[in-house]
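Structure first, then comments.
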Amino acid sequence: MNTAEPFAELPVAPKPPLRRFHQARWDEPIIFELSTPGRRGIAVPEPGAPRVELPASVRRAEPPKLPELAQPHVVRHYLRLSQENLGADLNIDVGQGTCTMKYSPKVNDRFAAAVAELHPLQHEDTVQGVLEIYWRLERMLAEISGMSRVSLQPGSGSAAIYANVAMIRAYHAARGEGHRDQVITTMFSHPSNAACAKTAGFEVITLMPDADGLPDIEALRAAVGPRTAALMITNPEDTGIFNPRIREFVDLVHEAGGLACYDQANANGILGITRARDAGFDLCHFNLHKTFSTPHACGGPAAGACGVSAGLAPFLPGPVVAFDGSTYRLETPERSIGKVRPFLGVTPNIVRAYAWIMSLGADGLRQVAETAALNNNYLMRRILDIPGASAPWGGRRIEQVRYSWQELSEETGVHSEEIGVRAADFGVHYWTSHHPYLVPEPFTLEPTESYSKEDLDEYAAILAHVADEARRDPELVRGAPYNQSVHKIDPSPLDDPKAWAPTWRAYVRKHLS
Amino acid sequence: MTGGVSVGLVVNPVAGLGGAAGLKGSDGAEAQRAALARGATPRAGERAARAVRALLSRRPGTRLVTAPGPMGGHSARAAGAPHDLVRPSPLAESGPSGPTTARDTRRAVLAMAGVDLLLFAGGDGTARDVLDAVRELRERGERVPPVLGIPAGVKVYSGCFAVSPAAAGFLAAAYLSGTSGLSGTSGGGPGRAALIEAEVVDLDEDRYRQGLVSPVLYGGLPVPAAPAALSGRKAGSSATAPGTVEGIAREVVSRMRPGVRHVLGPGATTRAVGRALGLATTLLGVDVVERDGAEGRLVAADVSEAELSGLVEGREAVLVLSVIGGQGFVLGRGNQQVSPRVLRAVLGTVPGRLLVLATQQKLAALGGRPLLADSGDEDLDRMLAGHVQVITGYHESTIYRISAASEELYG
């Protein structure tokens, strides 16, 4: 029997509707394990460059414990790892709802490379160009949010949320209202809001959704009081439902003496349509990697931005860039909460975000939001055509939808997580939901403006196929994945401080010594 | 391999009839006739067949023992399951085409006492009939089979039901394969997974139709323990339930002022409060504790309503109650010691003297339904209605809707 696959036949056969995908599995060691003493990559110095003798004060007594490899081994290692990924440049990355995976235009990497050799301790006079980019991006984000000033220092979205919480705390303390120790958030706001507030010492009150899937405004009424420091809320929430009464929420909190803080990490559905300050918010933040196209880079180096009203500007993290009409200077706001990361910010991503906004202009930003909402509602229509899928609370959504496989799961015993894992056998994936699951058997899709109609059709066809498999052969789906780099993993070490090891040094200490 | 395993199936064919007809239940021949007259279609048989199909998909060839016709035989045949009919037929009395009664259900259960697992399709009323039969078996000193409810009734509040027909089938298959249960503990005999005692509760439908609420806890049935919720997880999430319960307990202790009597209701969450105080409080009873410096003091354990009333009358006290999972009852289920007079004595006009405890998971499982107060005094319930702060962890809470059970469920 001829078992050869028909790829070599001529003429080339049309592709089947679903990809015959197979992920690479290189079984690649950690780069430290590949180290051989004395191996080097060679960077030849420019001809005529003077020899530099480092002064003894900065010279290491012992060389750093870096892995030692030749150049081809480094290239091979990282290419192999890149093949074991389902990154945004490889797959139709609409399944990471709330994380907002959009395309990062490659041209912007060239601009980022142009600033790569700047040193953060260079004198201001020698970096006027990059300071101008910081200044101009700040002004753009201020215009987009309606806020007075913006800090570009935070190194991530959660760092931006934490900076906002720290400003809220400092603001109340400065007014002699340090007794305000409660932060109110909602179940479908990003949980970093609750986590950052708690880390900063606040008590957290979480509002549950009402019958329409919106945060219960009556519960907010019952929650606000003299201890209220702030409301920290996302809108649209993770359900993709826009809260049309958001102004009332803000007003209720203001009446109680609290501040209102808008998590618009992902402003993809509202760019150029509505602004945080116009709804009365005092603070907001953006994730440059969710809304302004910079790479997520696997959890870092991302970048966040905090926007504040004039009353909170003195509390911004510092330094910020000031401009007197001719020169850009670094200055620290009067009552600054201090630094939330070293130096000014994640400069390569500041440059990328600036380039992205400049390439689109104001009309382009609005078109981003309109396309994202259109894509989302188109995909929703395709997903709801799949028997067993539903979108609780009904209605149109803004930029994402938290769906449910409850019906399919009750019928087949296959869980949402298992369906997502099986989808990875076709080269895509999805994420379920934050915990706890309010929507049963959840999955959250967010197509952004980056994906074409064909992309969305392919994605929906994969989920339809897997849902059909779940009905015909649930064990097949439960046994997935079959074509992936990694099959089943036990996640429990991730919850065990004695076992987890985010660095090689920690790994050596915990597991090799 | 399924050799030797037998599964009983009893269907209450009239279960669920009253729901679609707006009759708030299907107990009694009159309600059933009224429902049929309003065009209701029986659906319990189809739901039972769905459960059987799910069971067969996991354990092909599983043999059923069932009652004839609409009481199980039809469903088994519809699902393509090999089956034997019990003799004598429980339908002998009603006749094969006549309406079935509670007595038929009981007789069918008694005839199937030897099965490895008994599935029954119906609602809370059917669960009560199964419980009656189980009691009869216990009285006779005979073996009681594990049971599992297929939800097919109007009222399905009892804990002995799976969340859906298919879930019942899957859980049954997991149990028979010895893979269900918590930590693989064996409580139901060799090779079998754990059994837990699940509550059977029901309302008196006649009173319910008149707008009067009298939910009654009738007893417990042995059911297979559901596998620990297989929660899909994002890397790094570590909000496991036990830690949360300890966090709730820490929060309660941090709020306790010395000398104030705290009434701990039944439940694992409130028992964790006792544990955080270093006290051996009871799981099912109501206990009274005080904080004395960093220490806790057990004032009285497992008190009666009268004792409790004496302990809180005329002094400052706080009620600490947990939410009864699934249904959302805060008052009126399992904590009847906290009577209207106790409530009036403690709360006075200060709602802050009631602390409600629940994990976020438990609240999420309510699916947006409110918490329920059913103290036995509807005026009091209405006074409590509105929003209540529910402690969900250390320095974590939510503001959640609470309703008078009489208005929410039956109003």
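The values are calculated or read from the model by the stated rules, or taken from the named source; none is laboratory data. Because the structure is predicted, anything quoted here is derived from the model rather than measured. Cβ atoms come from the backbone with ideal geometry, glycine included; neighbour counts cover every protein chain shown.
Here residue B:156 passes the criteria (1) modelled with pLDDT under 85; (2) of a type outside the set (Gly, Ala, Ser); (3) under 17 Å from residue B:10 (Cα atoms); (4) crowded, with 24+ Cβ neighbours inside 10 Å except the one numbered (4).
For a quick check of your reading: which helices (runs of 4 or more DSSP H) sit entirely within segment B:1-71 and have at least 1 residues that are more than 25 Å from the chain's Cα centre (by Cα) and at pLDDT 90 or above?
Values: elements: B:17-20, B:29-37, B:44-58.
The helices (runs of 4 or more DSSP H) meeting that bar are B:44-58.
Residue B:345 meets all of the listed conditions (1) closer than 19 Å to residue B:324 by Cβ; (2) in contact with a strand residue (DSSP E or B) (Cβ under 9 Å, 6 or more places away or on another chain) but one, namely (1).
Of all residues in segment A:304-319, none satisfies being hydroxyl-bearing (Ser, Thr, Tyr) and assigned to a helix (DSSP H, G or I).
So that you can scan it fast, the table gives a plain yes or no per residue for (1) buried (at least 24 other Cβ atoms within 10 Å of the Cβ); (2) within 22 Å of residue A:93 (Cβ to Cβ):
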site: A:427; (1), (2): no, yes
site: A:436; (1), (2): no, no
site: A:450; (1), (2): no, yes
site: A:463; (1), (2): yes, yes
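Among the residues that make up segment A:268-286, is at least one of them of a type in the set (Ser, Thr, Tyr) and part of a loop (DSSP other than H, G, I, E, B)? Break it down stepwise before answering.
Filtering segment A:268-286 for residues of a type in the set (Ser, Thr, Tyr) gives A:274.
Within this subset, residues satisfying the condition of being part of a loop (DSSP other than H, G, I, E, B) are A:274.
Checked segment A:268-286: at least one residue is of a type in the set (Ser, Thr, Tyr) and part of a loop (DSSP other than H, G, I, E, B).
Within segment A:175-193, is there a residue that is at pLDDT 95 or above, buried (at least 24 other Cβ atoms within 10 Å of the Cβ) and more than 14 Å from every other protein chain (Cβ to nearest Cβ)? There is no residue in segment A:175-193 that is at pLDDT 95 or above, buried (at least 24 other Cβ atoms within 10 Å of the Cβ) and more than 14 Å from every other protein chain (Cβ to nearest Cβ).
Within segment B:128-176, if we keep just the residues that are among the hydroxyl-bearing types (Ser, Thr, Tyr) and farther than 12 Å from residue B:118 by Cα, the residue that is nearest to the other protein chains (Cβ to nearest Cβ) turns out to be B:164.
Let's see how each residue does on (1) out of contact with any helix residue (DSSP H, G or I) (no Cβ under 6 Å at 6 or more places or on another chain); (2) under 22 Å from residue A:156 (Cα atoms); (3) touching a residue at least 60 places away in the same chain (Cβ under 8 Å):
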{"residue": "A:188", "(1), (2), (3)": "yes, yes, yes"}
{"residue": "A:212", "(1), (2), (3)": "yes, no, yes"}
{"residue": "A:230", "(1), (2), (3)": "no, yes, yes"}
{"residue": "A:248", "(1), (2), (3)": "yes, no, no"}
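Can you find even one residue in segment B:274-284 that is over 13 Å from residue B:358 (Cα atoms) and in contact (Cβ under 8 Å) with a residue 40 or more places away in the chain? Yes, the conditions are met somewhere in segment B:274-284.
When segment A:216-263 is filtered for residues that are more than 14 Å from every other protein chain (Cβ to nearest Cβ), assigned to a helix (DSSP H, G or I) and crowded, with 20+ Cβ neighbours inside 10 Å, the ones remaining, listed by number, are A:246, A:250.
Do we have any residue at all in segment B:266-278 that's part of a loop (DSSP other than H, G, I, E, B) and surrounded by fewer than 16 Cβ atoms within 10 Å (Cβ to Cβ)?
Scanning segment B:266-278, I find at least one residue that is part of a loop (DSSP other than H, G, I, E, B) and surrounded by fewer than 16 Cβ atoms within 10 Å (Cβ to Cβ), so the answer is yes.
Take the conditions in a helix (DSSP H, G or I) and either of a type in the set (D, E, K, R) or farther than 20 Å from residue A:306 by Cα (or both) and apply them to residue A:194. Does it pass? Quick ask: steps written out before the conclusion?
Working: in a helix (DSSP H, G or I): yes; either of a type in the set (D, E, K, R) or farther than 20 Å from residue A:306 by Cα (or both): no.
In short, no.
Only one entry of A:62, A:68, A:53, A:46 meets the criterion of being assigned to a loop (DSSP other than H, G, I, E, B) and at pLDDT 95 or above, and that entry is A:68. Is it true that some residue in segment A:369-388 is modelled with pLDDT of 95 or more, within 13 Å of another protein chain (Cβ to nearest Cβ) and part of a strand (DSSP E or B)? No.
The set of residues from segment B:316-346 being over 19 Å from residue B:381 (Cβ atoms), modelled with pLDDT of 90 or more and surrounded by fewer than 19 Cβ atoms within 10 Å (Cβ to Cβ) comprises just one member, B:316. For residue B:196, the conditions (1) surrounded by fewer than 21 Cβ atoms within 10 Å (Cβ to Cβ); (2) modelled with pLDDT of 80 or more; (3) not in a loop (DSSP other than H, G, I, E, B) are fulfilled apart from (2).
Residues checked against (1) touching a Pro at 6+ places or on another chain (Cβ under 7 Å); (2) buried (at least 16 other Cβ atoms within 10 Å of the Cβ); (3) of a type in the set (A, V, I, L, M):
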| residue | (1), (2), (3) |
| --- | --- |
| A:445 | no, yes, yes |
| A:454 | no, no, no |
| A:498 | no, no, no |
| A:506 | no, no, yes |
| A:511 | no, no, no |
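Residues in segment A:202-215 that are part of a loop (DSSP other than H, G, I, E, B) and facing another protein chain (nearest Cβ under 7 Å) were compared, and the one that is surrounded by the fewest Cβ atoms within 10 Å (Cβ to Cβ) is A:211.
The criterion of at least 1 residues that are within 14 Å of chain A (Cβ to nearest Cβ) is met by the following helices (runs of 4 or more DSSP H) wholly inside segment B:293-411: B:360-364, B:378-384, B:405-410. The set of residues in segment A:390-444 being β-branched (Val, Ile, Thr), within 20 Å of the chain's Cα centre (by Cα) and at pLDDT 95 or above consists of A:398, A:401, A:428, A:444.
Taking the conditions (1) without any contact (Cβ under 8 Å) to a residue 40 or more places away in the chain; (2) within 30 Å of residue A:451 (Cβ to Cβ) in turn, residue A:96 satisfies each one other than (1). Here segment A:422-438 is the region considered, the condition is being at the interface with chain B (Cβ under 9 Å from one of its Cβ atoms) and not small (Gly, Ala, Ser), and the residue that is nearest to residue A:97 (Cα to Cα) is A:431.
Only one of the numbered conditions (1) surrounded by fewer than 17 Cβ atoms within 10 Å (Cβ to Cβ); (2) modelled with pLDDT under 90 is violated by residue B:310, and that is (2). Screening A:159, A:116 for residues that are touching a residue at least 24 places away in the same chain (Cβ under 8 Å) and either touching a strand residue (DSSP E or B) at 6+ places or on another chain (Cβ under 7 Å) or within 21 Å of residue A:324 (Cα to Cα) (or both) leaves exactly one candidate, A:159.
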